[in-house]
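None of the figures in this text is laboratory data; all of them are computed from the coordinates on show. These numbers were taken from a predicted model, which means no experiment stands behind them. Here Cβ is always computed from backbone atoms with ideal geometry, including for glycine, and neighbour counts include all displayed protein chains.
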Amino acid sequence: MSTGNWLRAYAITRNRPSVLDIDPAPRLIGYRDLGVVVSEVAPARFDRIDTLDPVDGTLAELARDHDAVVRAVFRSEPVLPLRFGTVLDGEDAARRLLVAAYDQARDCLDEVAGHREWGVRVRHTEPAATSRPGSAGLTGTQYLVRRRERLKAIQRAREDVAGAAGRLEEALRRHAADRMERTRPHGVLVKTAYLVETGREAGFHAEVEWFARELRAAGATVETSGPWPPYSFTDVEFGAPADG
């Protein structure tokens, strides 16, 4: 590594000037029609980033700063967000990064231009099958019959929710340029990121609202998040720029 200034890298974007409402403002290092958004940083701030606790205040602050810069660029230009914690050893390393990934990054920027990322999550909390509403005074046989009926009702509700969630996903796919499924914790039936062209967002959200009514009636909830920069759709393999 050289002894030059270290640079914290946020995103790749178009190589053209834009005014960023960030203080201090990052800068753009360009190669042809691509640029990487960077700011100077003390290497010690990122020395132990992989070992910090996720709830650590320093890590949360760094992550918020990273997202704020990516969003500021995204307001006026398409972006390919870089991995949080990417640090480069000076301007030459930043240009080598752009050279190495130029063709793929240029194609990917074209694909995400005019699109935003939206998250959709469907939750369903089932009632406990062991609860015994109105079971006082029942005989053992009556209790078992009541319990079987309750289990059947829970199964029907589960199937209703799963069916509606599947129809929601099918409808949203028609409005999205791409989608990315996420790991679903217990009780979450859908956890998907969608890349949606801005001109199709109204139709996308209309579908969400339509199916949300059906899902709420079946005991589920629908949550949306966004709009986000295309964090889930940056497929470029940037790698680590070799030292020159």
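For this structure, a couple of remarks:
- Rounded, prolate or oblate (a/c below 1.5 giving rounded, otherwise prolate when a/b exceeds b/c) for region 175-226 by Cα gyration tensor: oblate
- FRET efficiency for A206 and Y231, using Cβ-Cβ distance with R0 set to 22 Å, rounded to 0.05: 0.35
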